[in-house]
Every structure is written in structure tokens, then in C-alpha cells.
Amino acid sequence: MELKLISGTFLLVLVLATVAAADSQLGNKASAKDYAFNATCMEKVQEHIQREFGAAVTYLAMGAWANHYTVQRPGLAKFFFGSASEERQHGLAMLNYLRMRGHNSLSILPAELKPINEKYEWESPMDALRQALTMEKDITRFIKQIINYCTDAEDDHLVDYFITDFMDEQLRGQRALAGHINSLRGLLNKDPAMGNWIFDNKLNA
Ligand code: FE
């Protein structure tokens, strides 16, 4: 009888100790694991942040070129500097998203940023706009890859966020650039001497 009581008490103590240990594990400070995100999806977003900030630096370089006194296209400079701010905002929004999802690496930002192809000057406004469109098409492709991968990984929140907050704006931006290229082409065909000047004034309006 006494032996039964002792072994019963021992069992109770063992159960309580196990529950306490489990509680203390659960009670640990919040970690990335609590958010149950797909680690590869998060890595893909982290990689993409570099592209968004890279695009921002590229647009800054394009704006600085257009602002050079030998180029003197203030409308184009305004457009490129505005685009640089938008790209920076995209990178920042993605960075905040990763943090919200519990991404905890401190080396989240790229070690260095350079304009695409390390290019700082362009042959003409058309040349710069065409490179900008190529860059945006690449970014669209990468965003689509992230959406496709994370759809398969069932990270619904990330997919919804990327489609709603980025893909729509991305496609509209791409369409605006294509429109600028066509407008400039039309003006240059009509008036090769004044086309660039008229186009720049239009952008600066
Ligand atoms: Fe962007």
C-alpha cells in the first residue's frame, strides 16, 4: 500500500515536471519558428530586396546622368529620381514584411549596391528608358517566380501580399515606361531635332 502511494506520487511528480518543461519551452521568447513561414520563400524575398534597392540605385544613376549639364534633361531626371524613390519604398516594404514574418537574420541588407551593369551614362534618353524597361521586365519576372514558388509552398499570406502590393504596381510601372518609350519614338520620328526637348518638357510639366 505504502509502496503504491510512493510510486503514485513519483509518477505525479514526473508528469508535472514534464508539463513544466514543455511549458518553459513554449514560453521561450518568440522565434522565427513560431511564425511557421517557409524559409526558402523568405530567402527569395531577401534576395529580391537586393534587386529593388539595385533598381533604386540604377534610377539614381540615370537621374544624375540626365541632370548633368551636358545632357540637361530635367524632366527625365525628375522621372528617374521619382522612380528611385518608388524602388526604395518597395525594398523597404519587403524588408518590413520579412521582419513582420519573423525573419531574424541581421545581414538582411545587401553588402553593396551598384547600378545595373555598373553603368553611369547612357547614349540618349531613349537608351536610358529602354534599359529601365528591361530592368523592370526582369523584376516582374523575379516577382512572378517568388509568387509561383511560394504558391507551391502554400505561403498564402506572402503570395497575397506580393500580388496585391507589388505585382499590380509593377505592371503599371512597366506599362508607363513602355508608354514613354513609344511617345518619345513618335516625337523623334516627327521631329528628330526637337523630339527629346519636347518629351522632356512633357515629363517636367
Ligand atoms: Fe519595384
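The values are calculated or read from the model by the stated rules, or taken from the named source; none is laboratory data. On a predicted model such as this, the values are computed, not experimentally measured, just so you know. Backbone-built Cβ (ideal geometry, glycine too); neighbour counts: all protein chains shown.
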Give me the pairs, please: first residue somewhere in the range 173-187 and in contact (Cβ under 8 Å) with a residue 60 or more places away in the chain, second residue anywhere and buried (at least 17 other Cβ atoms within 10 Å of the Cβ), beta-carbon distance under 7 Å, and either six or more positions apart or on two chains. 173/136; 180/129
The range 69-88, subset over 15 Å from residue 176 (Cβ atoms) and touching a residue at least 40 places away in the same chain (Cβ under 8 Å), residue surrounded by the fewest Cβ atoms within 10 Å (Cβ to Cβ): 74
With the structure loaded, tell me whether residue 47 is modelled with pLDDT under 95, within 16 Å of the ligand (Cβ to nearest atom) and over 8 Å from the mean Cα position of the chain (by Cα) or whether it fails that test. yes
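In the range 177-203, what residues are aliphatic (A, V, I, L, M) and either surrounded by 13 or more Cβ atoms within 10 Å (Cβ to Cβ) or under 15 Å from residue 132 (Cα atoms) (or both)?
Scanning the range 177-203 gives 177, 178, 181, 184, 187, 188, 198, 203.
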Test: residue in the range 117-136 that is surrounded by 13 or more Cβ atoms within 10 Å (Cβ to Cβ), among the acidic types (Asp, Glu), within 13 Å of the ligand (Cβ to nearest atom) and modelled with pLDDT of 95 or more: yes
Hits in the range 89-104 (condition: within 16 Å of the ligand (Cβ to nearest atom) and either over 9 Å from residue 49 (Cα atoms) or surrounded by fewer than 18 Cβ atoms within 10 Å (Cβ to Cβ) (or both)): 89, 92, 93, 96, 97, 98
